[in-house]
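A short worksheet on the structure shown next.
The values are calculated or read from the model by the stated rules, or taken from the named source; none is laboratory data. Because the structure is predicted, anything quoted here is derived from the model rather than measured. All Cβ positions, even for glycine, are placed from backbone atoms using ideal geometry, and neighbour counts span all protein chains on display.
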């Protein structure tokens with residue numbers, strides 16, 4: 001049976017993780033894998049999450065299925081968090097996904113049923129999993145311009161040059177905030193322009209909201225998704241609780257569909273449930289229930305928001321310190337963009353040979369396209385990291 005198979009291409013992030021784990025050198029630095037790390041280099045369990053889990057343990061009476069749509073209260077709380085009052089809830093339907101990726105997969109599969117082999121436009125670059133996910137679902141992915149390697153900012157003219165040519169049969173996959181991998185995110189004015197384009201062309205927005213609260217704040221980061229869904233008749237949003245609640249392995253996400261009216265929303269809901277039943281049958285609930293408890297409890301929510309703010313501000317501080325350290329050592333503003341980017345990542349624009357040199361000679365690990373996880377920067381070694389980067393560039 002297996003003789004027809006060839007070795008599949010492994011995700012470069014997981015390959016890098018294995019290389020880092022096998023590196024015995026002391027002082028190695030992991031800027032690769034996209035998980036938040038505290039000053040000790042560990043990915044912590046948030047205090048509000050621990051308290052919610054303790055509450056679950058004390059009150060839980062069953063482990064039976066929640067039903068195909070999953071934890072409805074979790075979904076409702078997430079819709080309030082992400083969308084606020086931007087859209088009439090009668091037009092909204094949700095199902096739980098196995099993380100944000102699971103939610104996105106459900107939505108892509110439904111869209112592929114609506115438009116078999118339909119075109120989906122993805123930013124260049126984007127999270128590497130977006131393209132194969134679209135193909136697996138039965139969509140036809142295309143790139144649109146997004147990142148300007150010279151300015152390390154958004155190539156907005158190039159982006160709009162493509163978006164303005166789309167039709168009502170096309171799908172646009174948008175990063176809700178904190179663009180991965182570049183760190184160059186859309187401004188409010190740019191979100192306004194994207195929204196106007198979608199209204200003119202009728203192109204369908206699919207928004208990947210994986211980092212809400214990691215950029216400038218919960219309300220600030222929700223601007224784009226709320227602007228879009230408030231102004232178009234149909235949209236979809238994939239929400240992930242992996243980063244902002246630190247629930248990576250719990251796989252908590254919500255697939256959100258906004259239809260033109262309640263009747264159409266019911267049809268979409270039936271399709272989402274059908275996809276779940278045909279793939280994983282039932283959705284996981286442990287992480288979903290943790291998020292529900294936090295968002296519905298005033299004290300737990302306040303504690304979670306405080307810790308999320310601390311995480312976000314730490315990443316901002318690390319950005320500024322690294323940019324400053326490089327500027328002081330090089331007398332150049334070439335890397336000032338690091339401080340201007342938002343979220344967990346920045347695309348440094350280093351040649352692949354330099355990335356390889358940093359890994360082999362200095363034990364500094366990053367993705368071969370030079371995307372770094374800002375949260376992985378050791379704050380007490382920023383000067384050392386700047387020195388290594390500049391030396392590798394010489």
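Things worth noting here:
- Of all the criteria given as (1) surrounded by 15 or more Cβ atoms within 10 Å (Cβ to Cβ); (2) at negative phi; (3) in contact with a helix residue (DSSP H, G or I) (Cβ under 8 Å, 6 or more places away or on another chain), the one not satisfied by residue 343 is (2).
- Test: residue in segment 329-341 that is closer than 19 Å to residue 17 by Cα, at pLDDT below 95 and not in a helix (DSSP H, G or I): no
- Verdict on residue 358 being in contact (Cβ under 8 Å) with a residue 60 or more places away in the chain, assigned to a helix (DSSP H, G or I), crowded, with 21+ Cβ neighbours inside 10 Å and assigned by TED's automatic domain parsing to the domain that holds residue 35: no
- Only residues that are free of Cβ contacts under 8 Å to residues at least 40 places away in the same chain, assigned to a loop (DSSP other than H, G, I, E, B) and either buried (at least 16 other Cβ atoms within 10 Å of the Cβ) or in the same structural domain as residue 349 (by TED's automatic domain parsing) (or both) were counted in segment 164-197, giving 1.
Each row is one residue, and each column tells you yes or no for (1) more than 23 Å from residue 40 (Cβ to Cβ); (2) surrounded by 21 or more Cβ atoms within 10 Å (Cβ to Cβ).
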residue: 281; (1), (2): yes, no
residue: 301; (1), (2): yes, no
residue: 305; (1), (2): no, no
residue: 308; (1), (2): no, yes
residue: 327; (1), (2): yes, no
residue: 330; (1), (2): yes, no
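- If you filter segment 138-163 down to residues that are part of a strand (DSSP E or B) and without any contact (Cβ under 8 Å) to a residue 40 or more places away in the chain, you find that the one that is farthest from residue 347 (Cα to Cα) is 140.
- Options 85, 62, 42; residue that is out of contact with any helix residue (DSSP H, G or I) (no Cβ under 8 Å at 6 or more places or on another chain) and either in a strand (DSSP E or B) or under 23 Å from residue 262 (Cβ atoms) (or both): 85
- Of the listed requirements (1) under 21 Å from the mean Cα position of the chain (by Cα); (2) assigned to a helix (DSSP H, G or I); (3) surrounded by fewer than 21 Cβ atoms within 10 Å (Cβ to Cβ), residue 128 misses just one: (2).
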